[in-house]
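Trainee: Have a look at this one.
Coordinate-derived values only; no laboratory data. A quick note: this is a predicted structure, and the numbers were derived from the prediction, not measured. Reconstructed Cβ throughout: ideal geometry from the backbone, glycine too, with neighbour counts over all protein chains shown.
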DNA sequence: ATGAAAGCGCTAACAT
DNA sequence: ATGTTAGCGCTTTCAT
């Protein structure tokens with residue numbers, strides 16, 4: 001089946017040359033060719049020149065797959081993602097691929113739509129012998145985590161907990177972010193405070209909400225209303241806000257949304273459909289600080305996740321784990337920042 | 001360097017088992033194990049059972065890298081991307097990875113920031129022996145295209161021309177899209193019509209602009225003003241609109257922007273900073289139809305690229321090319337649709 | 001500095 | 001149906 005053409009006879013198509021071909025043409029051993037491509041391979045200038053001439057003449061290109069087989073290392077990192085269209089995650093992936101490339105790694109993307117799909121995707125990643133895994137928007141079952149550990153593949157969970165005992169973790173302090181928002185809203189004098197949740201099962205949602213609600217309570221406030229978008233997207237945020245604001249109960253004077261997309265949906269519903277004045281009649285605060293949050297049409301107050309730091313840290317942790325497979329589980333927490341903009345009232 | 005543990009002795013960490021290990025445990029030949037993992041491999045139920053028992057006991061997982069080496073096929077598609085953060089492209093990548101996975105392929109992402117970087121990224125893709133390449137947001141030099149052809153790696157250029165004689169092409173009819181906008185604006189009675197360009201060197205920009213301007217001229221109109229954002233993003237669009245609308249010359253009454261992000265930047269500048277009424281005083285039309293274009297805060301009239309069709313077609317073309325490497329260059333053109341929304345006046 | 005040879009884990013052709 | 005054998009293209013000893 002492989003339509004492979006070998007040998008020295010000049011044939012025009014689909015010809016992949018190997019080091020044997022190069023060696024033959026250069027009049028050296030195949031090992032010499034290999035050394036010419038090995039950093040630190042000891043080779044005389046003369047032979048190296050001969051090799052390179054032959055390489056150029058044939059248009060030879062090393063076969064990374066073969067190298068990966070013998071070195072038991074692919075220089076590929078598996079990136080498991082979901083919710084791709086959320087700008088926050090899109091930007092993440094962009095950064096991950098970019099920074100990884102700078103470090104000489106390539107990114108194999110595993111796109112999981114349903115929760116269960118990670119059970120298929122992850123074994124594939126292991127079969128491809130990736131050197132490491134970054135998991136965003138999914139949680140490894142402990143069985144999967146064990147398999148990764150057994151095969152010596154380090155895993156970094158990005159922006160979520162992992163209690164499997166093997167995965168490293170890098171995440172934003174979502175709990176603290178929730179607290180910040182509670183303080184901001186209380187300080188601004190709000191009294192009927194609501195929360196719109198994102199994906200209920202996600203640890204990001206749980207932490208943001210818990211931090212938020214606990215802090216409200218600490219300061220003698222209760223959560224007045226709660227609604228759930230179910231997903232982290234605009235449309236679901238819009239719909240959730242609709243349920244929240246048209247529920248018949250007295251309208252809240254502030255809403256904390258689990259992320260920016262939800263907040264923008266809520267904001268649009270409130271001002272475009274219901275004609276509510278933002279922030280005079282209603283404050284809205286999001287989470288992430290995606291680019292659109294800063295656009296003049298939204299001016300969304302939000303909790304910024306410092307994603308450059310998150311990405312760099314994640315990759316650093318992964319690289320450390322790759323080079324020291326025996327290391328203990330590493331956990332890095334990054335602190336978010338509240339970004340004040342026009343969608344919320346300020347302290348009087 | 002590879003810390004590999006072999007053999008039958010039960011050792012706990014980093015143990016990757018091979019078919020030899022499985023065979024030994026199952027009391028069959030190594031080839032039998034291979035056959036157990038080969039779709040049409042002939043094997044008795046008895047041996048298959050023995051193999052599977054051993055597989056399970058050891059936690060054996062096939063090594064795809066080794067298979068790729070012998071089969072000369074990786075089941076990996078290289079995806080070359082740029083401008084990741086543009087929602088249109090983010091959505092594309094999401095779709096590409098999803099659909100490719102459905103077909104049993106995995107996506108290796110090559111993120112190129114600078115134009116020149118494709119000269120490094122593409123050879124790497126070839127070294128990884130990808131089964132095919134999808135190029136978005138970049139143009140292959142004919143030298144690179146030749147190398148792909150020589151190595152038998154099919155290439156599909158996504159949303160851009162390729163005149164290299166090898167690359168297949170799937171793109172939206174940007175020229176026609178430009179014409180549609182010209183008609184829409186003229187029909188609505190606009191007389192001072194402007195254009196804000198995206199990345200000047202991109203074929204998408206060139207085609208949209210050419211189609212637009214030609215059609216204006218056909219109908220006896222001239223382009224009143226032209227400004228360039230230089231990039232396809234919001235900030236550059238905002239800045240370009242600022243130059244355009246504050247240039248001192250009489251203000252245009254309509255602007256066609258090379259894509260939605262630029263249009264949203266222009267729209268925000270016009271109404272938030274300059275207080276211009278949209279669309280009463282100024283019509284704005286974009287291109288792409290990203291999700292945000294439909295949000296109530298923007299209601300952006302735009303030319304929709306049917307991206308589901310674009311992606312499906314691209315992958316279909318690529319699959320065909322993979323299975324018939326000798327095929328002629330394929331070119332598929334997809335027609336866009338004008339989506340009317342509130343940011344532009346309608347025919348009176 | 002260089003070549004010869006072993007072997008990475010697998011598939012596939014060739015026996016039987 | 002199953003085992004034997006020969007590679008795939010490469011790195012890496014081990015000699016020299």
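Trainee: By counting other Cβ atoms within 10 Å of each Cβ, how are A:52, B:236 ranked from fewest to most? If you can, show how the numbers build up before the last one.
Mentor: Numbers: A:52 15, B:236 19.
Starting with the residue having the fewest Cβ neighbours, the order is A:52, B:236.
Trainee: Hey, another quick one. Given the rotation relating B and A, tell me which residue in B puts its Cβ closest to the axis and the distance in Å.
Mentor: B:90, 2
Trainee: Indicate the gyration tensor shape class of segment A:94-195 (rounded, prolate or oblate), computed on the Cα atoms with a ≥ b ≥ c the square roots of the eigenvalues: a/c under 1.5 is rounded; otherwise a/b larger than b/c is prolate and the rest oblate.
Mentor: prolate
Trainee: Where the label is 7 Å out from Cα toward Cβ, how close does residue A:44 come to the same position in every other copy, in nm, shortest first?
Mentor: Here residue A:44 shows inter-copy label distances of 6.0 nm.
Trainee: Give the relative contact order (percent, whole number) for chain A; include only Cα pairs under 8 Å separated by 6+ residues.
Mentor: Computed over chain A, the figure is 14 percent.
Trainee: Run through the other copies and list how far each one's label point is from that of residue A:98, in nm with one decimal, shortest first; the point sits 7 Å from Cα along Cα-Cβ.
Mentor: Listed shortest first, these distances are 2.5 nm.
Trainee: Inter-copy label distances at residue A:248, 7 Å along the Cα→beta-carbon direction, one decimal in nm, shortest first?
Mentor: 6.4
Trainee: With N denoting the number of residues in the protein assembly as shown, provide Rg(C-alpha) divided by 2.2 N^0.38 Å, to two decimal places.
Mentor: Details: Rg = 28.2 Å, N = 696, 2.2 N^0.38 = 26.5 Å.
In units of the globular-protein estimate, the protein assembly as shown measures up at 1.07.
Trainee: In whole Å, how far is the Cα centre of segment A:211-269 from that of segment B:182-258?
Mentor: The two parts, judged by their Cα centres, are 40 Å apart.
Trainee: If you rank B:190, A:323 by fewest surrounding Cβ atoms within 10 Å, what's the result?
Mentor: Lowest to highest Cβ neighbour count: A:323, B:190.
Trainee: Let me ask something additional. Over all alpha-carbon pairs in segment B:174-305, figure out the percentage whose distance exceeds 28 Å.
Mentor: Of all Cα-Cα distances in segment B:174-305, 5 percent exceed 28 Å.
Trainee: Between residue B:309 and residue B:273, what FRET efficiency follows from the Cβ-Cβ distance if R0 is 45 Å, with the result rounded to 0.05? Present the calculation step by step, with values, prior to reporting the outcome.
Mentor: On the way: r = 37 Å, r/R0 = 0.83.
Efficiency computed from Cβ-Cβ geometry: 0.75.
Trainee: Would you look at the GNM of chain A, springs on alpha carbons closer than 10 Å, and say which of A:17, A:110, A:88 moves the most?
Mentor: Result for chain A, Cα springs under 10 Å: A:17 fluctuates most.
Trainee: Nearest-5 percent of antiparallel DSSP beta bridges in the protein assembly as shown?
Mentor: Around 10 percent antiparallel, to the nearest 5.
Trainee: Using only the Cα atoms of segment A:149-212, build the gyration tensor, take square roots of its eigenvalues as a ≥ b ≥ c, and label the shape rounded, prolate or oblate: rounded if a/c is under 1.5, else prolate if a/b is larger than b/c, else oblate.
Mentor: It comes out prolate by the Cα gyration axes.
Trainee: Eigenvalues of the Cα gyration tensor times 5, then square-rooted: what semi-axes does that give for segment A:14-62, in whole angstrom, largest first?
Mentor: Calculated on Cα positions only, the semi-axes equal 17, 11, 9 Å.
Trainee: Under 10 Å, Cα contacts only: if you run a Gaussian network model on chain B, which one of B:33, B:99, B:311 comes out with the highest mean-square fluctuation?
Mentor: Greatest mean-square fluctuation among the candidates belongs to B:33.
Trainee: Based on DSSP, what percent of beta bridges with both residues in chain A are antiparallel, to the nearest 5? Kindly include the intermediate steps, with their values, before the conclusion.
Mentor: Details: 3 of 40 bridges.
Beta bridges within chain A, antiparallel portion: roughly 10 percent.
Trainee: For the pair residue A:316 and residue B:31, how long in nm is the line joining their label points, each one 7 Å along Cα→Cβ?
Mentor: Distance between the two pseudo-spin positions: 5.4 nm.
Trainee: Can you tell which of B:284, B:276, B:255 shows the greatest fluctuation in a Gaussian network model of chain B with Cα springs below 10 Å?
Mentor: B:276
Trainee: Let me ask you something else. Please rank A:161, B:128, fewest neighbouring Cβ atoms within 10 Å first, as an exposure proxy.
Mentor: Ascending Cβ contact count within 10 Å gives the list A:161, B:128.
Trainee: Roughly how crowded by other chains is peptide A:76-88, in terms of the mean Cβ count from those chains within 10 Å of each of its Cβ atoms?
Mentor: Average neighbour count from other chains, rounded to a whole number: 3.
Trainee: Is the shape of chain A rounded, prolate or oblate, going by the alpha carbon gyration tensor and its root eigenvalues a ≥ b ≥ c, with a/c under 1.5 for rounded and a/b larger than b/c for prolate?
Mentor: Taking the square roots of the gyration eigenvalues as a ≥ b ≥ c, chain A is prolate.
Trainee: Tell me the mean residue ellipticity at 222 nm calculated for chain B from its helices only (DSSP H runs of n ≥ 4, each -39500 (n - 2.57), averaged over every residue, nearest 500).
Mentor: -12500 deg cm²/dmol
Trainee: Across the residues of A:92-104, average count of Cβ atoms on other protein chains within 10 Å?
Mentor: Across A:92-104, the average partner-chain Cβ count within 10 Å equals 4.
Trainee: Moving on. Report, as an integer, the average count of C-beta atoms from other chains found within 10 Å of each Cβ along B:119-131.
Mentor: Per residue, the average neighbour count from other chains is 3.
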